[in-house]
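The values are calculated or read from the model by the stated rules, or taken from the named source; none is laboratory data. The structure presented is a predicted model; accordingly, all values stated were derived computationally and were not measured. FYI the Cβ positions are ideal-geometry reconstructions off the backbone, even for glycines, and counts take in every protein chain you see. Heavy atoms of the whole protein, side chains included, go into the accessibility calculation; ligands, DNA and RNA do not. Shrake-Rupley method; radii C 1.70, N 1.55, O 1.52, S 1.80 Å.
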Amino acid sequence: MDQPPYSAAWLSHWREEITDAVGAMVSTFEETHGYPPGRNEIRLADDDDRRAAHEYAGQSLGFEELRTFYASIGEVVLSDVGNGYFVHAARDVLDQLAEDGDVAIPDADDPLGMVIGSDGGGRVYVADWGGAIHRSRTATVDEGEFDKVAEDLPEFLVIRRSVTRFVETGETGYL
């Protein structure tokens, strides 16, 4: 079956699938792990998020897939999936870009990027200008050590498989 094109409708379906999987995980989380779950949600964009997304669109590192994402999704907070999985809000991305500047990704085709997310272990996800997503090997971007984890944002967002795997087996795979 062909995957529908990436769009606001695609993101809505993506959000529903992950929300369902996370709901199943959360329903038995305390029984399974011995402590209550943290925050686990994919928050829809509100007016403030859409204003930040509009501002993001003017950034030189902005690319269409991320603009579409931020026009629909406010942020992703999956505290209990693996070590945690987060796609930061557009305002947070812009603030960090203004404060810290571009991230250098030496081995990437497009060697500049911006932090768009993180995991609970301190590693960050950086989107390069061309739209590829890279994960830092350490908890700092200063060392310039990254692995490309997705060619584009839709590929990066297939975390649904990792969420489902975690719910079923406790293993996240390669987030």
ALA127: in contact with a Gly (Cβ under 8 Å, 6 or more places away or on another chain) and under 17 Å from GLU151 (Cβ atoms), yes or no? yes
Conditions (1) at pLDDT 95 or above; (2) in a loop (DSSP other than H, G, I, E, B); number of the one not met by GLY74: (2)
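Condition first: closer than 15 Å to TYR85 by Cα and open to solvent by less than 20 Å² (accessible area, probe 1.4 Å). Can you find one or more residues in segment 121-129 that meet it? So that I can check it myself, show each step before the final result.
Taking segment 121-129 as the starting set, the residues that turn out to be closer than 15 Å to TYR85 by Cα are 121-126.
If we keep only those that are open to solvent by less than 20 Å² (accessible area, probe 1.4 Å) too, we end up with 125-126.
Yes, segment 121-129 contains at least one residue that is closer than 15 Å to TYR85 by Cα and open to solvent by less than 20 Å² (accessible area, probe 1.4 Å).
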Selection over segment 98-125 where residues are within 16 Å of the chain's Cα centre (by Cα) and not small (Gly, Ala, Ser) yields a count of 7
Would you say ASP20 is part of a helix (DSSP H, G or I), open to solvent by 90 Å² or more (accessible area, probe 1.4 Å) and touching a residue at least 40 places away in the same chain (Cβ under 8 Å)? no
Being outside any helix (DSSP H, G or I) and over 15 Å from the mean Cα position of the chain (by Cα) is the filter; apply it to segment 40-61 and report the residue that is nearest to VAL115 (Cα to Cα). LEU61
So is VAL163 among the hydrophobic types (A, V, I, L, M, F, W, C), within 25 Å of HIS13 (Cβ to Cβ) and open to solvent by 20 Å² or more (accessible area, probe 1.4 Å) or not? no
Of the residues that make up segment 80-92, is at least one open to solvent by 40 Å² or more (accessible area, probe 1.4 Å) and at pLDDT below 90? yes
For segment 93-113, name all the residues that are touching a residue at least 40 places away in the same chain (Cβ under 8 Å), crowded, with 21+ Cβ neighbours inside 10 Å and more than 17 Å from GLY58 (Cα to Cα). ILE105
Search segment 24-37 for residues that are more than 16 Å from LEU78 (Cβ to Cβ) and pair each with any residue that is exposed (fewer than 11 other Cβ atoms within 10 Å of the Cβ) and modelled with pLDDT of 90 or more when their beta-carbon atoms are under 8 Å apart and the residues are at least 6 apart or on different chains. GLU30/PRO36
Quick count over segment 130-158, residues being open to solvent by less than 30 Å² (accessible area, probe 1.4 Å) and closer than 16 Å to GLU65 by Cα, is 9
